[in-house]
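Following: one structure in structure tokens, then a few remarks.
The values are calculated or read from the model by the stated rules, or taken from the named source; none is laboratory data. Worth saying up front: this structure is predicted, and the values here are computed from it rather than measured. Quick reminder, even Gly has a Cβ in these numbers, built from the backbone with ideal geometry, and neighbours come from all protein chains shown. All accessible areas refer to the heavy atoms of the entire protein, side chains included, with ligands and DNA or RNA removed. Shrake-Rupley method; radii C 1.70, N 1.55, O 1.52, S 1.80 Å.
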Amino acid sequence: MSDYANDTAYHRPVMLAQCLAGLDLRPDGRYVDVTFGGGGHSARILENLTTGHLYSFDQDADAEAEAEKLIRPQFTFVKANFRDLTAELQALDALPVDGLLADLGVSSHQFDTPERGFSTRFDGPLDMRMDPDGPLTAADVLNDYKEADLHRIFGMYGEVTNARTLAQAVVVGRRGRRLETISELKQAIQPCTPRGKENKYLAQVFQALRIEVNQEMQALQEMLLQTAEVLRPGGRLVVMSYHSLEDRLVKNFIGKGKFFGTVEKDFFGNESKPFEALNRKPEEADAAEIALNSRARSAKLRVAIKN
């Protein structure tokens, strides 16, 4: 096992062994890691390939630089959003694939880089873009969105209980100036931040903003729908999510082939869906891993096989 794959200062991969087992790797197989991040999962997949190939997606220039450490004939880095999955793989003549991994968390490197604006621990710009060249920042959302839209985002994406009051506090805080830094946002919403629960509350607020800035729910739905096209019959879909909104979409898609409503059936009453779940309940990290990596605490891993 390479030191790079096991643990890096850049990113410690979550549930590494479980993800690899879920992919059921073959040395000559063709695999996709749609969330390269720090490359921990990709590095270990590559160690298991001989004549096979790995295609890793990420839209972050920092991830692209990290991917240069893995350059070899069996590896292709794709600088793109995973919502462009099918088009990018078609362009590379890489269809169908035997397995696809999606680790939906923000990488440790992104959290630990203050100027990216992902973490509540530092002061920095209200950015939160996964793609640093993306058009929308968290500052744009906070300063330009109507109060009703802020209320909706905080309630839906952050599951904030006082979302209406929070939206009002943001509107008051931005009067006569723009909210540009994390400290300015914290100050503006301080009156509605529950005492003793500041860290959890701010994490919910930041989650809501990050999801909106990166269109994460829309991109996830688009990517999941495409997995049914790119995976061969018998291929594996392995998805790790970190909050209930993501996990619900993944669970519904695997169980029903759609995100809302009931599963469709054919004329004979047989369920019509592209995947079969291999684990009824999601796998979770054990206590030992959580002790080493707190990010693993909220991770939920679902594995499915293509019909």
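The table below lists the values:
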read-out	value
Within the chain, helix-based [θ] at 222 nm, where runs of 4 or more DSSP H residues each add -39,500 (n - 2.57), nearest 500	-11500 deg cm²/dmol
Debye, to nearest 20: dipole size of segment 128-173, +1 on Lys, Arg Cβ, -1 on Asp, Glu Cβ	200
Cα centre as origin, Lys/Arg/Asp/Glu Cβ charges: the chain dipole, Debye	1140
Accessible area expressed per residue, segment 39-94, with surrounding protein chains retained (probe 1.4 Å, Å²)	43
Efficiency of FRET between residue 298 and residue 68 - r from beta-carbon atoms, R0 30 angstrom, step 0.05	0.45
Under 18 Å from the residue 217 label point (7 Å along Cα→beta-carbon), backbone N, segment 74-92	83
Approximate spin-label separation residue 159-residue 268, in nm, with each point projected 7 Å along Cα-to-Cβ	4.0
Portion, in percent, of the accessible area of the chain that falls on carbon or sulfur, probe 1.4 Å	49
Sites residue 47 and residue 284, calculated FRET efficiency, Cβ-Cβ separation with R0 30 Å, nearest 0.05	0.75
For the chain: Kirkwood Rh in Å [reciprocal of mean 1/r, alpha carbons]	20.3
Residue-span extension gain [residue 147 to residue 203] - 0.36 nm each, minus C-alpha spacing	18.1 nm
Cross-link pairs 273/300; 251/306; 256/306; 79/300; 79/306 - those with Cα-Cα distance over 19 Å	273/300; 79/300; 79/306
Solvent exposure of segment 217-307 as accessible area per residue, Å², 1.4 Å probe	52
